[in-house]
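Scroll down for the structure; my scribbles are underneath it.
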Amino acid sequence: MEDRAVRIDDQVEALVRAVLDAAVQRDAERFDDALGALSGSRETLTKAIELTLAVNAAVLFEVHDGPPSPQQVNELSRDISLQERWAGVSAEDVQALLVGLMAGSPPRFATSAAVAIAVFVVAANLLATASQPDEGEWWFNYLDKVEAAIEAAGDG
């Protein structure tokens, strides 16, 4: 059986965290710069998107105790697109991403730039929304737990 688990590369993880931090802060200039740093190598960008897709899936399924309902996907898509207007992510792109995650297949977008933007912006939103800063768990601490679970799943 093929092992499809994501192996986390330290260099890719650092670049992903820079993109996610810019997205959580809604800093469009820093977000563009961080995405640019990822785009220098197709292999690096691919690994970063794969990691971030795994993070999206893990957080989405944890928050909803399994796959969200179609109504929850619709609401989440609308909410994220409104909350993340700064990034120009449409509700349709968010919904395509979420549906693709639930089906276990990556969504198809008009451009590769749309994929990258949606993947990272949705992950940042989910991490920031699901973390509990009032209990001392910031999005980056939650991301640590999610990444540990992704790596542990790969060892099984």
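The values are calculated or read from the model by the stated rules, or taken from the named source; none is laboratory data. Quick caveat: nothing in here was measured; it's all calculated off a predicted structure. Virtual Cβ from ideal backbone geometry, glycine too; neighbours counted across all protein chains shown. We work out accessible area using only protein heavy atoms, side chains counted, and drop any ligands, DNA or RNA first. Shrake-Rupley method; radii C 1.70, N 1.55, O 1.52, S 1.80 Å.
Tabulated values for the structure
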item: Cβ-derived FRET efficiency at R0 25 Å, ARG30 paired with TRP138, nearest 0.05; result: 0.90
item: Solvent exposure of the chain as accessible area per residue, Å², 1.4 Å probe; result: 55 Å²
item: Filtered trypsin sites (Lys or Arg not before Pro), segment 57-132: DSSP coil and at most 16 other beta carbons within 10 Å; result: ARG108
item: Cα-based Rg and Dmax for the chain, where Dmax is the largest Cα-Cα distance (Å); result: 14.5, 43
item: Segments 69-76, 125-132, 140-147 sorted - mean Cβ within 10 Å per residue, highest first; result: 125-132, 140-147, 69-76
item: Charged-residue dipole, Cβ positions (Lys, Arg, Asp, Glu), the chain about Cα centre, Debye nearest 20; result: 500 debye
item: Amide H partners (placed H, <5 Å) of GLU137, local residues excluded; result: GLN132
